[in-house]
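Contents: one structure, followed by commentary.
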Amino acid sequence: MERPLTQYIHPGCPPFDLREYEMTGGYSALRKALGSMSPEEVQRLVQESGLKGRGGAGFNTGMKWSFVPMGENAPHPKYLVANADEMEPGTFKDRLLLEGNPHQLIEGMILAAYAIQADISYIFLRWAYKKAAQLLRKSIHEAYAAGLLGKNILGSGFSLEMHLHTGVGRYMCGEETALLNALEGKRATPRAKPPFPQISGLYGKPTIVNNVETLCNLPHIVNNGAAWFKSLGNGSADSGTKLYGVSGKVNNPGCWELPMGVTVRELIEEHAGGMKNGYQLKGFLPGGASTDFMTIEHLDVKMDFASVAAAGSRLGTGTMVVMDDATCPVGFVHNLQHFFAQESCGWCTPCREGLPWVEKMLLSLEHGTGTMEDVELLQMHTQWLGPGNTFCALAPGAMEPLQSALKYFKEDFERHVTMHRCPYHNGG
Amino acid sequence: MITQKINKDNVATSGSTAHYTTGLQEEQYLTDLERQAIDHEIALVPYKSAAVIEALKIVQHHRRWISDESVNAIAAYLQMSPAEVDSVATFYNLIFRKPVGRHVILVCDSISCYVMKYGDIYKALQEKLHIKFGETTSDQCYTLLPNCCLGCCDHAPALMIDNDLYKDVTIAMLDRILQKYT
């Protein structure tokens, strides 16, 4: 089984420096692209490979790039931003790539920048990833010293600057237009679309924002081709491998690179070692806090974009949070809604006012003071804060676990009302 | 690492209403070191105000938190209004607009840590330090804050103190962890 992204990552060991990275084939994709491919050819190759954005939205990466103005009349500077602001609760996959092989990300970024002819690139890194920051700084420095960044990279005539930007903590920064505002030193509120960042992004210039895992795939696609990348999918409709994670009360929580489309059962039972002794699986969020619950009836669903969508949820980040039978679903969802209410940027009214309301109703249910009307009101909020009623995807994302909890665990909500306490806590 | 030096004047005037006047007073408030670091960031962006988040990080690094006086000084230096600077300072979770202790303990309260009972860790910290979230110990050693997902869900519960991440935290580990910070 091929694991191109994590082949050389050994948790606990220091990542490769430039020399070691190059000895194992590192920067050969960059040499190949700069030496023998036009930017348009790189774009076409990535589009053909079927690589979809690994940050959660799952849009075809090459297609996303294709909206960037190219040619002599294109506005400059153009920007390429690596979204390393991993902050979706339950998600810990990009940390592995950032700490495990920083040069792989840098090479992927230079390739993406070349494909869109960007002049300046940023890594927007989460403040909490201190070790990654240190490693990236060192690796960027090494790349500059070796002529892999800066003016006239490897004599190709292509130039690229790269900066590391560490954030100061706000979930909204993961939304690409909010991220651009944060990079410009503003509050991280989302921007109206259109214009899309490809046309008017950072400082009003054409900009592409790609997730870390997406970018890390690029050197391997350039080296091995689109057909190879598609074959990694192992019968799935989606190409490539995927970093999957499982957390919660399982025997072996962790993050693994596996063929796209591995089943839920294989992830939980084989890789995560099954549930801890004494606990049963009750449900799980397949790809972070803003994805719909799935339950034991979905154990044979393939973890790819289309299959998870057909099961009523989203692949999201592919890092799963498992809910066991001793954890209260109302308390679980309250924890999620507390997060979303706190992290709402306040830009649009439904999200700013609705999410705290949802949070309060869930808390009163959890404390045994909630009513059946509260449960009905929660149901209504899943529509009021759903797609089309808010400025960005934060509130609709927040409603995904709530609406599915009300669907699968309605009885648990009602028991909180009839028992006047949380049935999962002794004595309430 | 957070600088140990405390600007006594800042602490004394915390919470007071900002008296904003432009000019020399604010310019002189920032140290040479802070100004050099901010100048470095200004050089990387198309206009001065784009460096405001970096400026806040720099000043906080030297003074632990952002006082009203710091807001005014940064505003004057970047040719912004204090309200603009404050709107950014108050937006981000890790810019502190109130004094914090020498060490900030960030307890992850997101979903995987919830499932793995971060609440027990928080309760134990409360008992040991006699403070709740948002409070600072009387000796100014620790400030206790909740924090969004720290991205190590496979090693929940997790917490961070200053730049150090602690994974698979148990109550039994807490004394040894806390001892490292004085």
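The values are calculated or read from the model by the stated rules, or taken from the named source; none is laboratory data. Since the structure is predicted, the reported quantities are computational estimates derived from the model, not experimental observations. Note that each Cβ is placed from the backbone with ideal geometry, even for glycine, and that neighbours are counted across all protein chains shown. What goes into the accessible areas is simple: the full protein's heavy atoms, side chains included, and nothing from ligands, DNA or RNA. Shrake-Rupley method; radii C 1.70, N 1.55, O 1.52, S 1.80 Å.
Data table
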{"read-out": "Filter result for A:Thr241 (open to solvent by less than 40 Å² (accessible area, probe 1.4 Å), away from chain B (no Cβ under 14 Å) and among the hydroxyl-bearing types (Ser, Thr, Tyr))", "value": "yes"}
{"read-out": "The range A:190-206, residues that are open to solvent by 20 Å² or more (accessible area, probe 1.4 Å) and within 14 Å of chain B (Cβ to nearest Cβ)", "value": "A:Tyr203, A:Gly204, A:Lys205"}
{"read-out": "Residue identified as closer than 29 Å to B:Asp168 by Cβ, hydrophobic (A, V, I, L, M, F, W, C) and open to solvent by less than 10 Å² (accessible area, probe 1.4 Å) among A:Leu281, A:Leu315", "value": "A:Leu315"}
{"read-out": "Wholly within the range A:28-124, helices (runs of 4 or more DSSP H) carrying at least 2 residues that are basic (Lys, Arg) and more than 27 Å from A:Pro11 (Cβ to Cβ)", "value": "A:28-36"}
{"read-out": "All positions within the range A:43-76 that are farther than 17 Å from A:Val222 by Cα and of a type in the set (Phe, Trp, Tyr)", "value": "A:Phe59, A:Phe67"}
{"read-out": "Tally, over the range A:298-355, of residues that are of a type in the set (Val, Ile, Thr) and farther than 25 Å from A:Lys52 by Cβ", "value": "4"}
{"read-out": "Of residues in the range B:53-98 being of a type in the set (A, V, I, L, M, F, W, C) and in a loop (DSSP other than H, G, I, E, B), the one surrounded by the most Cβ atoms within 10 Å (Cβ to Cβ)", "value": "B:Ile66"}
{"read-out": "Conditions (1) away from chain B (no Cβ under 14 Å); (2) open to solvent by 10 Å² or more (accessible area, probe 1.4 Å): number failed by A:Thr214", "value": "(2)"}
{"read-out": "Set B:Lys132, B:Lys128, B:Lys117: member being open to solvent by 10 Å² or more (accessible area, probe 1.4 Å), within 24 Å of B:Asp168 (Cα to Cα) and within 14 Å of another protein chain (Cβ to nearest Cβ)", "value": "B:Lys117"}
{"read-out": "Filtered residues of the range A:149-166 (kept if among the aliphatic types (A, V, I, L, M) and over 27 Å from the mean Cα position of the chain (by Cα))", "value": "A:Ile153, A:Leu154"}
{"read-out": "Residue match in the range A:186-202 (condition: touching a Pro at 6+ places or on another chain (Cβ under 8 Å), farther than 30 Å from A:Val262 by Cβ, at pLDDT below 95 and assigned by TED's automatic domain parsing to the domain that holds A:Ala112)", "value": "no"}
{"read-out": "Check on A:Gly354, open to solvent by less than 20 Å² (accessible area, probe 1.4 Å) and assigned by TED's automatic domain parsing to the domain that holds A:Ile296", "value": "no"}
{"read-out": "Qualifying residue in the range A:340-353 (condition: in contact with a helix residue (DSSP H, G or I) (Cβ under 6 Å, 6 or more places away or on another chain), away from chain B (no Cβ under 14 Å) and not in a helix (DSSP H, G or I))", "value": "no"}
{"read-out": "Number of the exception - A:Leu97 against (1) under 18 Å from the mean Cα position of the chain (by Cα); (2) surrounded by fewer than 24 Cβ atoms within 10 Å (Cβ to Cβ); (3) at pLDDT 95 or above; (4) not β-branched (Val, Ile, Thr)", "value": "(2)"}
{"read-out": "Per-region count, the range A:225-238, residues open to solvent by 40 Å² or more (accessible area, probe 1.4 Å), part of a helix (DSSP H, G or I) and in contact with a helix residue (DSSP H, G or I) (Cβ under 9 Å, 6 or more places away or on another chain)", "value": "3"}
